[in-house]
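The structure appears right after this line, and notes come after that.
The values are calculated or read from the model by the stated rules, or taken from the named source; none is laboratory data. None of the values given here were measured: they were computed from a predicted structure. Don't worry about glycine lacking a Cβ; one is built from the backbone with ideal geometry, like all the others, and counts go over all protein chains shown. For accessibility, only protein heavy atoms count, side chains too; no ligands or nucleic acids. Shrake-Rupley method; radii C 1.70, N 1.55, O 1.52, S 1.80 Å.
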Amino acid sequence: MKKLTIAIMMLLGSFSMASAELGVSIGVSGNLGLYEASGSETEDGEVNTAKNEEQAGAMGSLFLEINPSFGMLDRLSIGVDYVPHKIQTGTQTTMRNTVNPGGPAIVNKNTVQVDINDITTLYANVSITNWLYVTAGYMTMDVVTNEKLGTGSAYADTSLDGYTMGIGAHIENDSGFFSRLSLNYMEMDGVTLSSTTNADNKVALKSLEGNSAKFSIGKTF
């Protein structure tokens with residue numbers, strides 16, 4: 001998250017001297033997508049769970065853009081998009097038997113739920129025609145793990161980085177009000193977390209990717 005904040009500050013600062021030649025756009029977006037995550041769990045050095053999960057999700061966001069109006073940058077917009085609410089995954093519950101020498105097996109109940117916060121995207125839009133554009137951006141998000149594991153393991157929170165790209169249509173009237181519809185693909189880097197109580201226990205997110213449709217409305221000043 002800190003890397004993205006620094007990049008945004010540098011971006012805004014680099015255009016401060018040319019503010020008279022810049023347009024500024026603000027707006028809101030709604031996003032509906034289908035996302036797939038692939039991961040695995042390792043307990044005592046043995047990989048015992050590996051699965052793919054697919055889930056539909058929706059989120060709203062705010063965005064701010066600067067629009068250079070000089071030279072070759074006339075068709076370029078650079079912006080930042082921020083999701084002001086958290087996204088909660090469903091709760092996964094598993095029951096696992098643990099060998100108990102000299103006695104009955106011990107049944108451990110494990111529940112895991114994840115909150116995703118501060119989804120932020122630094123992006124660039126490039127107009128191909130008066131209404132068609134392509135977009136690409138760098139994404140970051142904070143992941144808060146909420147687990148209750150019978151093994152006693154616990155995992156720290158983390159952040160994920162990735163990218164997004166897409167294609168969209170932009171319609172604007174003479175007053176500067178506009179609407180957009182875009183189709184986007186996103187992919188986040190994987191991460192492996194070790195238990196804070198047993199280093200041999202790990203959870204690994206191998207991939208997180210998805211496709212989504214985004215609708216936006218806004219105004220250019």
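Near Ala124, within a Cβ-to-Cβ distance under 15 Å, what is the net charge of the other residues, with Lys and Arg +1 and Asp and Glu -1? Please report the intermediate quantities before stating the final value.
Working: positive: Arg75, Arg180; negative: Glu65, Asp74, Asp81.
Local net charge: -1.
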Segment 143-221 - accessible surface per residue (Å², probe 1.4 Å): 53
